[in-house]
Amino acid sequence: MPEARTPMAFAALASAFLFGPALVLLLASESSPNADVLGVGLANDVFVGFVVTSLGMILLLLAYGDNRDRPAAPVLGLSVLLMVGFVLGLWLLQSGNLIGDASSPLARFFTELVHLAPVGLGLALAFPVGLLIAAVGLRTFALDEAEMPRS
Amino acid sequence: MEPALAAALLLWLPALLAVFGGFNLVGRGGTMWRVLTPFSVLLVAVAPLTVPDSTSTQAVELLWGVAIVGLPLLSGLGLLVFSGDVPVGRVPAWGRPTGVLLVVLSAWLIVSWTPTFVDDVTLWSRFVVVLLAATASISAVLFVLHRFYVPRRRSRSWPMSAGAIGASGLLALRGVDGSIGALVVAEVAGLFLGAGFALLLCMLVIWLFERNLPEPDALPPPSEDDLERAAAIIARRVTHGGDADA
């Protein structure tokens with residue numbers, strides 16, 4: 001791709017990425033909820049996203065340490081993720097009512113996990129659907145004869 | 001047994017084992033995981049019957065609804081991909097109309113159906129909004145990538161733009177109920193932020209280990225014997241094709 005088109009390509013990519021969220025906000029029939037409610041929800045989502053991905057990353061680091069003969073990698077990864085998770089949790093607890101009406105932080109975590117199920121399942125289904133839609137066009141090896149090859 | 005403990009043992013533990021077992025089966029796939037993974041999936045699927053008092057089962061009820069919409073959608077798109085002018089794995093002539101029918105059926109379900117077995121209706125509404133918005137975004141991103149970076153194939157990008165427009169159209173038809181629009185966008189942003197942070201830390205750990213790798217030992221130049229053997233293999237392949245070495 002010519003360099004002159006790179007900023008335009010990145011701008012187009014960013015616009016395409018934000019197309020879905022912008023459309024949702026545009027079509028929303030009511031105005032956004034209270035900023036405090038939104039903030040607490042966002043803090044919980046950040047924390048749950050961090051914890052769930054950390055679990056996956058620990059498994060990845062276990063496989064990495066095993067395959068590349070780096071036995072200390074999962075230990076260091078676990079330590080770093082635990083430390084950052086602890087600091088992140090403390091900071092979120094300080095900045096807002098992270099636990100809400102739940103009986104315990106663990107109960108709140110599982111409630112939040114269920115609360116995020118629609119987002120996780122929606123994204124998990126959207127990725128293969130998007131890729132299959134693209135594959136409908138790319139299933140053949142045919143080239144555009146009208147366009148000349150670049151090299 | 002307390003509902004929380006029952007949910008932990010009959011839903012969350014099997015769910016964790018199912019995910020771990022799934023990854024394990026994709027890799028080496030030990031015998032234990034071949035038994036344990038389907039059993040864990042079964043336990044998760046029947047969680048609304050085994051732990052009906054737990055609020056966690058709402059996620060499984062949602063999963064049932066997702067399966068009813070998602071399976072025909074994925075099968076229909078799969079049939080469309082492997083029908084017609086495709087070099088490998090072509091399906092018979094009935095593939096394309098069946099695929100179109102399944103995709104249309106799924107689109108109709110997405111727009112008009114709300115599963116009655118999902119107790120919390122907002123969960124389903126949020127799932128549909130995320131699915132359609134994410135499909136629109138992913139299709140639009142793939143369209144842009146394809147138009148900018150893939151030469152001599154531009155005429156093949158129409159399904160991606162059709163996917164983005166179609167998902168947006170379905171979202172407009174379905175509508176975004178109440179105030180869930182901003183909530184859903186905030187949830188996705190928060191999830192991406194938290195997940196991205198964990199990913200970044202993991203990459204940092206791997207980088208710390210990989211940056212101290214010693215330089216690989218320089219190999220000695222090929223000997224006369226090596227060169228002669230390579231020349232013989234090339235000559236044989238040029239004359240007889242690749243099967244001569246098989």
Degrees between helix B:31-45 axis and first principal axis of chain B (Cα, 0 to 90, nearest 10): 30
Under the rule of at least 5 residues apart or a separate chain, name every residue whose amide H is placed under 5 Å from the amide H of B:VAL176. A:SER29
Looking at chain B as a GNM with Cα springs under 10 Å, which of B:LEU219, B:LEU13, B:LEU183 has the largest mean-square fluctuation? B:LEU219
Once the principal axes of the Cα atoms of region B:6-54 are found, what is the range along each, listed largest first in whole angstroms? 37, 13, 12
What does the charge add up to near B:GLN58, with Lys and Arg as +1, Asp and Glu as -1, over the other residues with Cβ less than 15 Å from its Cβ? -4
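Which value results when the Cα radius of gyration for region B:82-154 is divided by 2.2 N^0.38 Å? Mind dumping the intermediate values first?
Values: Rg = 17.1 Å, N = 73, 2.2 N^0.38 = 11.2 Å.
Dividing the Cα Rg of region B:82-154 by 2.2 N^0.38 Å gives 1.52.
Run through every distinct alpha carbon pair of chain B and return the Kirkwood hydrodynamic radius in angstroms, one decimal place.
Working: mean 1/r = 0.0427 Å⁻¹.
Taking every pair of different Cα atoms in chain B, averaging 1/r and inverting gives 23.4 Å.
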More than 20 Å apart - percent of Cα-Cα pairs taken over region A:4-76: 65
Using label points projected 7 Å from each Cα along Cα→Cβ, tell me how many nm separate B:GLU228 and A:PHE86, to one decimal. 6.7
In degrees, nearest 10, range 0 to 90: what is the angle between the Cα axis of helix B:158-174 and the longest Cα principal axis of chain B? 10
Take the Cα radius of gyration of the protein assembly as shown and divide it by 2.2 N^0.38 Å, with N its residue count; two decimals is plenty. 1.18
Need one number: nm distance between label points at A:PHE127 and A:LEU78, each 7 Å from Cα along Cα→Cβ, rounded to one decimal. 2.5
Spin-label pair B:LEU25/A:ALA107, simplified geometry with 7 Å Cα→Cβ offset, distance in nm: 3.5
Gap separating the Cα centres of region B:83-116 and region B:1-48, nearest whole Å: 31
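Pop the C-beta distance of B:LEU71 and B:THR239 into the FRET formula with R0 = 56 Å and round what comes out to the nearest 0.05.
Details: r = 52 Å, r/R0 = 0.93.
Computed FRET efficiency for B:LEU71 and B:THR239 comes out at 0.60.
Can you give the FRET efficiency to the nearest 0.05 for B:LEU200 and B:GLU2, using r as the Cβ-Cβ distance and R₀ = 35 Å? Each step should come with its number before you reach the end.
Details: r = 38 Å, r/R0 = 1.08.
Here the calculated transfer efficiency is 0.40.
Percent of alpha carbon pairs in region B:1-145 separated by more than 20 Å?
Numbers: 6625 of 10440 pairs.
Summing the P(r) of region B:1-145 above 20 Å gives 63 percent of all pairs.
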For region B:127-214, state the semi-axes of the equivalent ellipsoid (square roots of 5 times the eigenvalues of the alpha-carbon gyration tensor), sorted largest first and rounded to whole angstrom. 33, 24, 6
HN-Hα J in Hz across region B:198-206 - Karplus 6.51, -1.76, 1.60, θ = phi - 60°, x for Gly and Pro: 5, 4, 4, 5, 5, 4, 4, 5, 5
Under 15 Å from a point placed 7 Å out from the Cα of B:PHE117 along the Cα-to-Cβ direction: which residues of region B:19-44 have their backbone N that close? B:42-44
Angle in degrees between helix B:57-81 and the longest Cα principal axis of chain B, rounded to the nearest 10: 50
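Taking a quarter of the surface of the convex hull around the Cα atoms of region B:55-117, what do you get in nm²? Could the numbers behind the result be given before it?
On the way: hull surface 20.4 nm².
Dividing the Cα hull surface by four gives the mean projection, 5.1 nm².
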Using a cut-off of under 13 Å, list every residue of region B:101-118 whose amide N is near the label point 7 Å from the Cα of B:ASP177 along the Cα-to-beta-carbon line. B:111-118
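Every read-out reported here was derived from the displayed coordinates using simple, explicitly stated rules and does not represent laboratory data. Computed from a predicted model, the values in this text were never measured in an experiment. Heads up, the Cβs are rebuilt from the backbone with ideal geometry, glycines too, and the neighbour counts pull from every protein chain shown.
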